[in-house]
């Protein structure tokens, strides 16, 4: 039997051609080398035609793709068996015998002729050959079991690694086959559905029904492409993550009371029932083949594969297709036609797909007998677990979720005294600028946070854990790893990246090494993980061009080798490998893809990269050689850009001079007089215009466009009136002009942003991006609810607080909603806590779908949710709430034999700049409105009417309070607690307001009024003046401490007049500048970054220091700190106060501390209220502590 060459390729194999010699492999380039490593054998066999003649042969060569058979008596005219001269693609049977388990066993291999040469032929495997291939591998490792004359070749680490690396090729072939099958049959599916609908329309006599069928046919045309795209995207994503739980594997209804619950509309529920029936009907037919595929795949990827995580199983394909056809507005008739066709086309043909997949995977040295044992053990273990627990396929909850009982959002055990004297704890040494140490610390934190049992001993270990030293350079294990990397370094396919950018090299390497029997030490594994994450951070950088990303991907293995052999790569920005990547990042491309001012990329850059890929072993001299040539290319580009910009600026300056001359002559007076006043302009718009005016020539602005990458624009000129901004492209030869208003609109929409980090080298940006990613993973665990994945109460309250501040400062409007399922408690009582949790998860997804980017959602407690609808007035907010209510009204909850109609009640409260309620008061007001809606029968939206509005006093304005004796400075001690014994205590100066009784209180209402009236400038000047006056009068106290911290408002940080005022007061007061610490919030510093840098640098030159408040709690990149010379970073007290009991908060605080130290900053923890918190902070090495546990604030006298 002959088959096409396409089928050979679809199985993911290369047809063997001739035996491999010692010179055969080494003589080939990296791209030409065989995909499969050959193993030399001497096994006597017979080859023949099925049911016909045969002749003797010798199996001399063996690989995952096939065999080389030596056949005596062959000559140039070919090989003859019986009366047939063999041709390519002829099917043959190869028989051999081997001693297995003490007895001689006969084996058969089905093969296809690939190539006939003098002395023999190469054949590729065809069909199911698992047992025979397993026997051949046994003969490799146990030559005594082979026939006489067997001489298996010695195998070393490099060959093992290449052999295991073929797993990637087999998986790639496996994925291609699945996608090819689905692509082909999806087209046939829609044709089948169309034909069936047309037949139904033809056969019915009712015009109304005919019309409905034809409408459904028209719907099919619109559904075909989106359904195919969604389905294939989902399948391909699942195929890339073998072993991951499939999104579609969550049950919509329970079958045994142990699965999740349903929260579906009626149409979705009906579709789901059809799919489940379909799976049940087909399961007996495909069950055995599914288990064989799962077992082979388990062996290949070292992960247990079951129905829940196998995307090609009936359940996986069926439920993924079910999800793909939802949310496109299709009618019931068209959906059911599609589902029927899915069964008759795709499900009916799965046998062919499963056979092909078994063929592909059988080439992976896997015995069917061994596979069945593995899968039987897996099923048995799952059944045992099911007897001991509640469910076989229940959701596996993370630790955080397991601790979260339904009545409470988070476990709230009472704070327990640790019984440790903080003074007895020796803080760890500070490590500055060591990326490997910092990144490894964060990785260890993540593992510990996931595994922590919340016991004091575990949290103590977590707080004080430090990375173990990596193995010494030159160790035996490291040498084996380096040798293995040298084999993979030249594999183009091993480091190929997809459109998503990430390479995930660490996972690929670790799988390959484990399968090859290489033991990778913990330190080496962490180093590989760090460099892998760093490479991925570079590949995901939107500022890096696709061409450069491709080069970085090709250099990935070489970079791993460098990192393992020379750890200074992580720390020394002058390292040649690091410089090379940085220079690649500076290479600019023209619109046609060529290198600006140089030529084609393929003839300039690619050859340089190839030199490293094929030339680097252990000496970095090749990096240095390529650096010289890259430096020349970049220098020529930058000269080209500079010359173009100089010409553009000169021309524009000449035009500006002409405009100025006309204005001076009076020709432009009418235009000037027509300028409109900003008096009636909204506060928010004024702020965005002010943001634009901070731009300076030399800034780089990234403007989103329709492409994948933002457009990089260089600001080269600004008009004297600051109403016109000229930008140049990366070539410097194309320009565009934007007005102040246009830029303000782009900034407001988030389409434009100034990234000062763009000036950083590529590797530096990657380092900061890597730290951001690691920190963000820890932050997400600390801020999100374990059951629903939404923000927990603490994180939502923080988000609400920021929005309330924005409402005051910008005059924006928002709506806060509290909601709950009306019969939630009854459902929990009837079905149990697990059903309740499942229902909450489903509801969370519904809410997220409705709100999306328009707001923020959180879980408060029990079944209660909270939503913040941003930039939304009460009318629009009510409309959104009503849509949610109506949507939920159409849903139902199904659990076992129970069915519940679902409704929700919603309480709402408006939020604007006039509110003076606290965060807690706002949530309570919305909650009271919910209670009223629920109490009146539920399934309704209720507006809160009890909200306080801002009013300082009927008799005093902000300015009057400043002029009078109503304000008072307070201070609070910040104590050194870290390893640096030279640190001195310093104090934060706080503002207080005297009430009617003369008591000093927190000035919350006063600050809000000042922000609302744009009077924070005057408040800041009052604080600076009085602080410096006090320090001037109390020099002896000042000289004995580390300094005094003065808070600056974000609204005045970019005000040039404030800088002049500070300098004047410093001169007048004669206070030592080194004793002054100005404190700004992270968000304020970032929002006014270019001006903040000038403000801070100017005062730093005088000797002042700076502290950054709320560090690490936002989403901003740490890269901005490269240009922002901060001395202290303050850790937000909202996460510090729970570190005694919460592993998530402890991990987040320690992450901030580690990153702060990496950046060379001192760290300050706020809200240190007792000795237990202080003990934890000393264990993790925080430098300073502030809070009532150190000393309460007191009035400065």
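Exactly one residue out of 1066, 1059 is assigned to a helix (DSSP H, G or I) and modelled with pLDDT of 90 or more: that is 1066. Might you let me know whether the stretch 88-105 holds any residue that is assigned by TED's automatic domain parsing to the domain that holds residue 349, modelled with pLDDT of 70 or more and surrounded by fewer than 18 Cβ atoms within 10 Å (Cβ to Cβ)? No: the stretch 88-105 contains no residue that is assigned by TED's automatic domain parsing to the domain that holds residue 349, modelled with pLDDT of 70 or more and surrounded by fewer than 18 Cβ atoms within 10 Å (Cβ to Cβ). Any residue that is buried (at least 18 other Cβ atoms within 10 Å of the Cβ) and out of contact with any helix residue (DSSP H, G or I) (no Cβ under 8 Å at 6 or more places or on another chain) - is there at least one of those in the stretch 774-782? No, the conditions are met nowhere in the stretch 774-782. Does residue 801 meet the test of being surrounded by fewer than 23 Cβ atoms within 10 Å (Cβ to Cβ), part of a helix (DSSP H, G or I) and over 20 Å from the mean Cα position of the chain (by Cα)? Spelling it out, residue 801 is indeed surrounded by fewer than 23 Cβ atoms within 10 Å (Cβ to Cβ), part of a helix (DSSP H, G or I) and over 20 Å from the mean Cα position of the chain (by Cα). Listed by position, the helices (runs of 4 or more DSSP H) enclosed by the stretch 495-599 that each have at least 2 residues that are within 17 Å of residue 626 (Cα to Cα) and in contact with a helix residue (DSSP H, G or I) (Cβ under 7 Å, 6 or more places away or on another chain) are 546-554, 556-565, 576-586. Within the set 741, 730, the sole residue that is in contact with a helix residue (DSSP H, G or I) (Cβ under 9 Å, 6 or more places away or on another chain) and under 20 Å from residue 649 (Cβ atoms) turns out to be 730.
Among the residues of the stretch 996-1033, just one is farther than 22 Å from residue 1106 by Cα and at pLDDT 90 or above, namely 1033.
In the stretch 491-503, of all residues being surrounded by 19 or more Cβ atoms within 10 Å (Cβ to Cβ) and at pLDDT 70 or above, the one that is nearest to residue 540 (Cα to Cα) corresponds to 503. Return only the number of the condition from (1) crowded, with 21+ Cβ neighbours inside 10 Å; (2) at pLDDT 85 or above; (3) within 23 Å of residue 794 (Cβ to Cβ) that residue 927 does not satisfy. Going through the list (1) crowded, with 21+ Cβ neighbours inside 10 Å; (2) at pLDDT 85 or above; (3) within 23 Å of residue 794 (Cβ to Cβ), residue 927 breaks only (1).
Between 1024, 1077, 1046, the distinction of being closer than 22 Å to residue 1103 by Cβ and touching a residue at least 60 places away in the same chain (Cβ under 8 Å) belongs to 1077 only. Residue-level check: of (1) modelled with pLDDT under 90; (2) over 27 Å from residue 826 (Cα atoms); (3) not in a helix (DSSP H, G or I), residue 853 misses just (3). Among the residues examined, residue 74 qualifies as modelled with pLDDT under 75 and either in the same structural domain as residue 490 (by TED's automatic domain parsing) or more than 25 Å from residue 173 (Cα to Cα) (or both).
Residues that are within 25 Å of residue 784 (Cα to Cα) and crowded, with 22+ Cβ neighbours inside 10 Å do occur in the stretch 1122-1129, at least one of them.
On the given criteria, is residue 302 closer than 30 Å to residue 63 by Cβ, surrounded by 19 or more Cβ atoms within 10 Å (Cβ to Cβ), outside the structural domain of residue 124 (by TED's automatic domain parsing) and in contact with a helix residue (DSSP H, G or I) (Cβ under 8 Å, 6 or more places away or on another chain)? No, not satisfied.
The values are calculated or read from the model by the stated rules, or taken from the named source; none is laboratory data. The shown structure was predicted, so the numbers you read here are calculated from the model rather than taken from an experiment. Counting neighbours? That spans all protein chains shown, and the Cβs are built from the backbone with ideal geometry, glycine included.
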